[in-house]
Amino acid sequence: MQQWWQKKIIIGAGMIGSLLLILQSVLGTVAWSTYKIGPYPIAMLTAKGTPYELGFRMLQLIAGMLILVTLISLIKYAVVTKKSKFNRSLRWLSLIWLIWMVLQFVWPITLDVAITVTPISVRDVVFGLVIIGLGVSLIQLGRSAQANQFESLSNAVTLLGILYILFNFLTYVVTLLGWPVNGFLDVIANDVIAVAMGFVSWYFMRLAES
């Protein structure tokens, strides 16, 4: 009998969550004329006091939970199949993803911070560490995936982990320089992490079909 963690709908939940994360910027542009992808970070959509704050915060939370469901099911798979290194990498990724998800929901920025260049805050430092943690966790997952002969998964998540850190760094740099493209780079970074999680979900959903 098929276990709960083996069901395609559970493994594929991460793909739906990833799609919702990618659609954030599109929905924001359509729903709120003030939001512009070029100059403003995607966090502006969930900033305190904005018209659609609660809606986009709930969207992020639902998307994050769907991805977390898939990661938990893969941890169970790794335990049952005795893939200890892969299990550890998935647990670290799940933990940091949970931290990222909770912080996004409970610690939104204010609108003035979203639209102006401000000094580095405690929030910036905390989120910067979480971003690095997510990128490194993806790279580590890639290494353990390679050890388990998941070659295409290894290549994809390693590359996406590097790109996630790179685009977030570039977002920070252009913000300091005052170039009005930090929002565009921020959206790319958001899409990169979403694609990474979606690819993990798709990869194992495809294996479940065979």
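Tallying residues that are open to solvent by less than 80 Å² (accessible area, probe 1.4 Å), assigned to a helix (DSSP H, G or I) and of a type outside the set (A, V, I, L, M, F, W, C) within region 106-145 yields 9.
Taking residue 68 as the residue in question, decide whether it is at pLDDT 95 or above, under 17 Å from residue 183 (Cα atoms) and either part of a helix (DSSP H, G or I) or within 14 Å of the chain's Cα centre (by Cα) (or both). Against the criterion (at pLDDT 95 or above, under 17 Å from residue 183 (Cα atoms) and either part of a helix (DSSP H, G or I) or within 14 Å of the chain's Cα centre (by Cα) (or both)), residue 68 does not qualify. Checking each residue in region 36-59 for being small (Gly, Ala, Ser) and in a helix (DSSP H, G or I) picks out 43, 55.
For region 163-181, filtered to residues that are farther than 24 Å from residue 19 by Cβ and assigned to a helix (DSSP H, G or I), the residue that is least open to solvent (accessible area, probe 1.4 Å) is 174.
Here is a check on your reading of the model: is residue 187 β-branched (Val, Ile, Thr), in a helix (DSSP H, G or I), in contact with a helix residue (DSSP H, G or I) (Cβ under 7 Å, 6 or more places away or on another chain) and closer than 21 Å to residue 95 by Cα? The answer is no for residue 187.
Of a type in the set (Ser, Thr, Tyr) and either out of contact with any helix residue (DSSP H, G or I) (no Cβ under 9 Å at 6 or more places or on another chain) or farther than 24 Å from residue 176 by Cα (or both), is that true of residue 18? For residue 18, the condition - of a type in the set (Ser, Thr, Tyr) and either out of contact with any helix residue (DSSP H, G or I) (no Cβ under 9 Å at 6 or more places or on another chain) or farther than 24 Å from residue 176 by Cα (or both) - is met. For the condition within 27 Å of residue 36 (Cβ to Cβ), within 19 Å of the chain's Cα centre (by Cα) and not acidic (Asp, Glu), residue 138 does not qualify. The single condition among (1) of a type in the set (Val, Ile, Thr); (2) at pLDDT below 95; (3) part of a helix (DSSP H, G or I) that residue 96 does not meet is (2).
Identify the residue in region 29-56 that is surrounded by 13 or more Cβ atoms within 10 Å (Cβ to Cβ) and among the small types (Gly, Ala, Ser) and, among all such residues, is nearest to residue 112 (Cα to Cα). Once the filter is applied, the top-ranked residue is 47.
For region 62-84, a tally of residues being farther than 19 Å from residue 7 by Cβ and surrounded by 15 or more Cβ atoms within 10 Å (Cβ to Cβ) returns 3. The residue that is most open to solvent (accessible area, probe 1.4 Å), counting only those in region 146-155 that are among the polar types (S, T, N, Q) and not in a helix (DSSP H, G or I), is 149.
The values are calculated or read from the model by the stated rules, or taken from the named source; none is laboratory data. Treat the numbers as computed from the prediction; the structure is a model and nothing was measured. Every residue, glycine as well, gets a Cβ built from its backbone with ideal geometry; the counts of neighbours run over all protein chains shown. Keep in mind that these areas ignore ligands, DNA and RNA; they rest on the heavy atoms of the full protein, side chains included. Shrake-Rupley method; radii C 1.70, N 1.55, O 1.52, S 1.80 Å.
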